[in-house]
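A.B. asks: Sending over a structure as structure tokens; questions will come in a sec.
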Amino acid sequence: MSNEITFDDIVAARKRIAAHIQPLRVTRSESLSGRFDCDIMLAHEYLQTTGAFKLRGAMNAVLQLPSGASGVTAVSTGNHGRALAYSARQAGVPCIICMSELVPQNKLEGIRALGAEARIVGKSQDEAEIEAKRLVKEEGYTMVPPFDHPHVIAGQGTLGLEMLQQVPDIDTVLVQLSGGGLISGIALALKAQHPDMRIIGVSMARGAAMAASQVAGKPVEVEELPTLADSLGGGIGLDNQYTFGMVRNYVDETLLLDEKEIADGIRHAYFSEQVIVEGGGAVGIAALLAGKAVPGAKTMVLLSGKNIDMQLHRKIINQEA
Ligand SMILES: *Cc1c(COP(=O)(O)O)cnc(C)c1O
């Protein structure tokens, strides 16, 4: 199943979504390049509309909805949910984001502000999921999953095309790894053009489902634990169709970071790069600072999102968290 997505799908995705997304901005990090005595480039994708790269995949999926679809639905109130809500509004497609009563008010309002319906059902993610599945079955909605879907993976892969277009001689790329849609798309886009490209996936140690699944040789569940890299939480799906195989085929190394290392990454982004990123966004920088990722001569570090609670960010900056 893992070879169903091709380089051409990513090229097509880029054309399809181009008018709806912000192009990737890349700069050279003087502080990291100096420290490691090589070229370290930062890919500032937290500047993407809705604050994270997930718009690329969601938009690519929404723009390919089957004709006659009633709308789109998902169970995420995080970066994927926001991206899907925004994409649907752009495309003039109804969007229902299902969530439990326990979702914080600010997340709920964030989804509504993007023009989607926030449907509140039950007291758990599982109940919200049942409602989303009902919408698919009974009301003709299309579920857009956060990572394990060819259109989503191809959309995230457009980042790989843009990285290489901006810096043609990169040899190493550091990418966040959670469900694996992001790294699968990027790795395919890069390795199709440069088979020797080194792709390093970075996860938090607390609940790294993809890393545990790769070790086990099949998708496994791990306990979900609170982490500063909350956008990297969650499982990969026991019925994973695409990303488990793509990660196995394309990712060269996987690194795990503890919470202190992630906080150091957030602080470095702030104090040395003048950038506010969420924990998940900072793990590439954190992996370098911790000495866990060895950079190549020209390394691209993806900063994937900025959606962090600003009270928490302030505490981290002040060394209180
Ligand atoms: C979703 C997300 C990731 C991880 O992407 P996957 O495709 O699930 O691996 C990384 N960073 C941010 C900011 C995200 O929102």
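A.B. asks: Can you give the net charge of the other residues whose Cβ lies under 11 Å from the Cβ of E224, counting K and R as +1 and D and E as -1?
C.D. replies: Numbers: positive: R206; negative: E221, E223, D230.
Taking every other residue near E224 into account, the sum is -2.
A.B. asks: So what is the 222 nm mean residue ellipticity for the chain from helices alone, if each DSSP H run of at least 4 adds -39500 (n - 2.57) and you divide by all residues, rounding to the nearest 500 deg cm²/dmol?
C.D. replies: Values: 13 runs with 140 residues, N = 321.
About -13000 deg cm²/dmol.
A.B. asks: Right, next: Over the chain, how many percent of alpha carbon pairs lie in each 10 Å bin up to the one with the longest distance?
C.D. replies: 6, 28, 37, 23, 5, 0
A.B. asks: Share of region 70-139's accessible area from carbon and sulfur, percent, 1.4 Å? Could you put the intermediate results ahead of the total?
C.D. replies: Working: 1640 of 3380 Å².
Solvent-exposed carbon and sulfur of region 70-139 make up 48 percent of the total.
A.B. asks: Here is a follow-up. Mind listing the long-range amide H neighbours of M143? Cut-off is under 5 Å, sequence gap 5 or more, other chains count too, H placed in the peptide plane at 1.01 Å from N.
C.D. replies: T73
A.B. asks: Additional query: Below 8 Å, C-alpha to C-alpha, sequence gap of six or more: please give me the relative contact order for region 70-139 in percent. The partial results should precede the final answer.
C.D. replies: Numbers: 119 pairs, mean separation 23.8, N = 70.
The normalised contact order for region 70-139 reaches 34 percent.
A.B. asks: While we're looking at this one, here's another question. So for region 1-109, what are the equivalent ellipsoid semi-axes in whole Å, largest first, each being the square root of 5 times an eigenvalue of the Cα gyration tensor? Mind showing how you got there, number by number?
C.D. replies: Numbers: eigenvalues 182, 85, 32 Å².
That gives 30, 21, 13 Å for the three semi-axes.
A.B. asks: Y86: accessible area at probe 1.4 Å, nearest 10 Å²?
C.D. replies: 40 Å²
A.B. asks: Something else now. Could you give P(r) for region 130-207, binned at 5 Å from zero, as whole percent values over all Cα-Cα pairs?
C.D. replies: For region 130-207, the pair-distance distribution reads 3, 15, 21, 18, 13, 11, 8, 6, 4, 1, 0.
A.B. asks: Using 0.36 nm per residue of separation minus the Cα-Cα distance, give me the extension gain between V294 and V11 in nm, one decimal. Write out the running numbers ahead of the final one.
C.D. replies: On the way: separation 283, 0.36 × 283 = 101.88 nm, distance 2.99 nm.
Answer, rounded to one decimal: 98.9 nm.
A.B. asks: Past the 19 angstrom mark, what percentage of all C-alpha to C-alpha distances in region 23-87 do you count?
C.D. replies: On the way: 1002 of 2080 pairs.
The calculated P(r) of region 23-87 puts 48 percent of pairs beyond 19 Å.
A.B. asks: Then there is this: Go through region 281-295 residue by residue and turn each phi into a ³J(HN,Hα) via Karplus (6.51, -1.76, 1.60, θ = phi - 60°); whole Hz please, and just put x for glycine and proline.
C.D. replies: x, 8, 5, x, 4, 4, 5, 5, 4, 6, x, 8, 9, 9, x
A.B. asks: Okay, next question. Which distance in nm do the two modelled labels at N318 and K218 give, with both placed 7 Å along the Cα-to-Cβ direction?
C.D. replies: 5.0 nm
A.B. asks: What is the magnitude of the charge dipole of the chain about its Cα centre, with +1 placed on the Cβ of each Lys and Arg, -1 on the Cβ of each Asp and Glu, and no other charges, expressed in debye to the nearest 20?
C.D. replies: Details: 29 positive and 36 negative charges, 129 e Å.
Result for the chain is approximately 620 debye, rounded to the nearest 20.
A.B. asks: Give the dimensionless ratio obtained when the Cα radius of gyration of region 149-266 is divided by 2.2 N^0.38 Å.
C.D. replies: Working: Rg = 13.9 Å, N = 118, 2.2 N^0.38 = 13.5 Å.
Normalised Cα radius of gyration, region 149-266: 1.03.
A.B. asks: Given a 1.4 angstrom probe, what's the average accessible area per residue across the chain, in square angstrom? Write down the numbers at each step before the final one.
C.D. replies: Values: 13420 Å² over 321 residues.
For the chain, the solvent-accessible area averages 42 Å² per residue.
A.B. asks: State which helices in the chain qualify, where a helix is a whole DSSP H run, it must extend 30 Å or more along its own axis by its Cα atoms, and its mean Kyte-Doolittle hydropathy must be at least 0.5.
C.D. replies: Span-like helices here: none at all.
A.B. asks: Same structure again: May I ask you to order 217-227, 7-17 by the average number of other C-beta atoms within 10 Å around their residues, highest value first?
C.D. replies: Working: 217-227: 13.2, 7-17: 18.5.
Per-residue Cβ counts within 10 Å, averaged per peptide and sorted highest first, yield 7-17, 217-227.
A.B. asks: Sorted by mean Cβ packing within 10 Å, highest first, what order do the peptides 235-243, 278-286, 57-65 take?
C.D. replies: Values: 235-243: 19.2, 278-286: 31.7, 57-65: 26.1.
The peptides rank, most packed first, as 278-286, 57-65, 235-243.
A.B. asks: Can I ask one more? Need one number: the % of Cα-Cα pairs in region 64-163 sitting beyond the 18 Å mark. Provide the component values of the computation, followed by the final result.
C.D. replies: Details: 2260 of 4950 pairs.
Roughly 46 percent, once rounded to a whole number.
A.B. asks: For C95, which sequence-distant residues (separation of 5 or more, or a different chain) have an amide H within less than 5 Å of its own amide H, given hydrogens modelled in the peptide plane?
C.D. replies: V72, E117
A.B. asks: Right, next: Can you tell me the order of 181-193, 123-135 when each peptide is scored by its average per-residue count of other Cβ atoms within 10 angstrom, highest first? Provide the component values of the computation, followed by the final result.
C.D. replies: Working: 181-193: 26.8, 123-135: 16.0.
Packing proxy ranking, top to bottom: 181-193, 123-135.
A.B. asks: Show the residues, 5+ positions off or on another chain, whose built amide H is closer than 5 Å to the amide H of R198.
C.D. replies: Amide H to amide H, under 5 Å and 5 or more residues apart or across chains, R198 pairs with T172, V173.
A.B. asks: In nm, to one decimal, how far is the E117 label point from the Q193 one, both placed 7 Å along Cα→Cβ?
C.D. replies: Each label point lies 7 Å from its Cα, and together they span 4.2 nm.
A.B. asks: So what is the relative contact order for region 162-218, in percent, with contacts set as C-alpha pairs under 8 Å and at least six apart? Spell out each step's value before the answer.
C.D. replies: Details: 45 pairs, mean separation 22.8, N = 57.
Here the relative contact order equals 40 percent.
The values are calculated or read from the model by the stated rules, or taken from the named source; none is laboratory data. These numbers were taken from a predicted model, which means no experiment stands behind them. Note that each Cβ is placed from the backbone with ideal geometry, even for glycine, and that neighbours are counted across all protein chains shown. To get the accessible areas, we keep the full protein, side chains included, count just its heavy atoms, and leave off ligands, DNA and RNA. Shrake-Rupley method; radii C 1.70, N 1.55, O 1.52, S 1.80 Å.
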